[in-house]
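These notes are about the structure you will find just below.
Read-outs: derived from the displayed coordinates by stated rules, not from any lab. Because the structure is predicted, anything quoted here is derived from the model rather than measured. Every residue, glycine among them, receives a Cβ derived from its backbone with ideal geometry; neighbour counts consider all protein chains shown.
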Amino acid sequence: MSEKRQTTEAIALAVLFLGLMVFTVVGFGMRTWQPPAASKHASELDGMIRYLLITTGVVFVLGHVVLVAFLVRYGRGKKAPSPATSARSEKLWSILPVVFMALISEVGVLFIGLPVWDEIYGDVPENAVTVEVTARQFEWIARYPGPDGAFGRVEPELVDGQRNPLGLDPADGTGADDLVMRNQLHLPVDRAALLLLRSHDVLHSFSVAAFRVKQDIVPGMSISTMFTPNLPGTYEIGCAELCGLGHYRMRGRVIVHTESDFSAWLRDQTEGTR
Ligand code: CUA
């Protein structure tokens, strides 16, 4: 095969891949792929994904343009003049991209990422709603502290699948008004929700795509995650960690109420426990 033909084929391939990429990006961008953004940090997190896609996309396209330019210019075999180079320019062109890429990622992490991190793991606002969520094969058990605002003591020996799934100790008075419910979580809109995540058996992961929340749950630990729902509605809780044969059906619902609906719901529930 002649060198000229080889070069032409290489250029054609590069152009083909570049075209495919543009086609994919445009096709992908034509519709909305993400679930509704239903928490305060969701749109910021989406912004981070957009930022990364755009910056790395631009670098990718630039890289290919340079590649094609070099193919055209220096791809004609030995007759083509080889580019003049020096140790200094080699060094420069090694360091420059590193600095450039580091800047891109640091801007993303510091300016877009840190505020989001703070909303998830930062200081808990005074008016936050605290809910304990216990994962077990294969369900979610939510517990509200009740009117006294304190969670009652739980004892592993008292865990009873149906009647006392969390092992609440009846000897502890603070637990008498605790509200326990399976596979559903009720939250008020525009108030931070602090979840204390526990597991009774294996690793699980609490995931609500609409809130852009995903937090691994480790048995033996109480791990907290925080978010502020800002769109009333019903969303799906999924388990994002393969935790056994029933992993696929480990689902629950989060119902985000308006503040007054939430108070009414809470009142109904606590009256029911008396
Ligand atoms: Cu729990 Cu998968």
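So the values come out like this:
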{"quantity": "Region 84-157 - percent relative contact order, Cα under 8 Å, separation 6 or more", "calculated": "13"}
{"quantity": "Region 156-274: C-alpha gyration tensor shape, a/c 1.5 cut-off, then a/b vs b/c", "calculated": "oblate"}
{"quantity": "Residue among 262, 204, 228 farthest towards the positive dipole end of region 199-274, charges placed on Cβ", "calculated": "204"}
{"quantity": "Helix 259-272 vs. the chain, principal-axis angle (Cα, 0 to 90°, nearest 10)", "calculated": "40"}
{"quantity": "Histogram of C-alpha separations across the chain, 5 Å bin width, %", "calculated": "1, 5, 9, 12, 12, 12, 9, 7, 6, 6, 5, 5, 4, 3, 2, 1, 1, 0, 0"}
{"quantity": "Amide proton proximity set for residue 40, modelled H, under 5 Å, gap of 5+", "calculated": "228, 230"}
{"quantity": "Extended-chain gain in nm, criterion 0.36 nm per residue less alpha-carbon gap, residue 107 and residue 224", "calculated": "39.4 nm"}
{"quantity": "Simple spin-label estimate for residue 4 and residue 53 in nanometres, 7 Å along Cα-Cβ", "calculated": "4.3"}
{"quantity": "Sum of -39500 (n - 2.57) over DSSP H runs of 4+, divided by residues of the chain (222 nm, nearest 500)", "calculated": "-13000 deg cm²/dmol"}
{"quantity": "Degrees between helix 42-74 axis and first principal axis of the chain (Cα, 0 to 90, nearest 10)", "calculated": "10"}
{"quantity": "Along each principal axis, Cα extent of region 4-120, largest first, Å", "calculated": "61, 37, 11"}
{"quantity": "Cα-centred dipole magnitude for the chain, charges only on beta-carbon of K, R (+1) and D, E (-1), debye, nearest 20", "calculated": "2200"}
{"quantity": "Residue 140 long-range amide H proximity, modeled H, under 5 Å", "calculated": "183"}
{"quantity": "Share, in percent, of DSSP beta bridges within the chain that are antiparallel, nearest 5", "calculated": "70"}
{"quantity": "Relative contact order of the chain, defined on C-alpha pairs under 8 angstrom at six or more residues apart (%)", "calculated": "19"}
{"quantity": "With Cα atoms, 0 to 90° folded angle of helix 87-107 axis to the chain main axis", "calculated": "30"}
